[in-house]
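Each remark here refers to the structure printed beneath this line.
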Amino acid sequence: MKKMILIAVGALALVGISVGASLFLTGALNKEPAAGAAMEEAEPVPEEVHYYNVQPEFVVNFKGKTRVKFLMIEMVVASHDEEVPVILSDHDPELRNSLLMLLAEQDSEVLKTAEGKQALRDAAMARIDEVVSNHYKPERILDVFITRLVMQ
């Protein structure tokens, strides 16, 4: 009976040594605890987005192929910089003038297409970024969203 106990203890010791050696050789023992690993693998927190609703909406007239057309449009500006809405609010007359001039240049046939609307968003973003650059820092505009667009 003593021999069997000694053999069982020896076998368990051999298994323990083999598991310990495997963990040591694979580097599993050298890693941080699970809590540290969880913090390391956590996704980065996205930056906060600040919105500026350009109000009131724009109503402009421009020439269509046959007669004068009207465009009513609302825009929202997005930025990661919390100062951008303040800058846009402080310089609202300059911003509105620049956007009104841009909107008056549009072609109703082009604006009917998705590509035309995207081109308008891109041009509006450039104009808004120009206002922000003149009074603050360049390239602060993340995106411009058209929240309402009606043509007649």
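The values are calculated or read from the model by the stated rules, or taken from the named source; none is laboratory data. Since this is a predicted model, take the numbers as computed values, not measurements. Neighbour counts run over all protein chains shown; Cβ positions are idealised from the backbone, glycine included. What goes into the accessible areas is simple: the full protein's heavy atoms, side chains included, and nothing from ligands, DNA or RNA. Shrake-Rupley method; radii C 1.70, N 1.55, O 1.52, S 1.80 Å.
With each pseudo-label sitting 7 Å past Cα toward Cβ, what's the LYS112-MET72 distance in nm, one decimal?
In this crude spin-label approximation the distance works out to 2.1 nm.
At R0 = 22 Å, how high is the FRET efficiency between SER89 and ILE146 if r is their beta carbon distance? Nearest 0.05 is fine. Walk me through the intermediate numbers first.
Numbers: r = 20 Å, r/R0 = 0.90.
Taking R0 as 22 Å, the efficiency between SER89 and ILE146 is 0.65.
How much FRET efficiency would the formula 1/(1 + (r/R0)^6) give for SER133 and LYS63, where r is the Cβ-Cβ distance and R0 is 35 Å, rounded to 0.05? Before the final figure, lay out each step's value.
Numbers: r = 31 Å, r/R0 = 0.88.
The pair SER133/LYS63 has a calculated efficiency of 0.70.
What is the extension gain from ASP122 to VAL19, computed as 0.36 nm multiplied by their sequence separation minus the C-alpha to C-alpha distance, in nm to one decimal?
Answer, rounded to one decimal: 31.0 nm.
By per-residue mean of other Cβ atoms within 10 Å, what is the highest-first order of 48-61, 124-137?
Values: 48-61: 14.3, 124-137: 17.0.
Ranking, from highest mean packing down: 124-137, 48-61.
Check the straight Cα-Cα distances from LYS137 and name the lysines below 28 Å, setting aside those fewer than 8 residues away within the same chain.
Counting by Cα, and skipping residues close in sequence, LYS137 has these lysines nearby: LYS117.
On the protein heavy atoms, probe 1.4 angstrom, tell me the percent of accessible surface of region 60-133 carried by carbon and sulfur.
53
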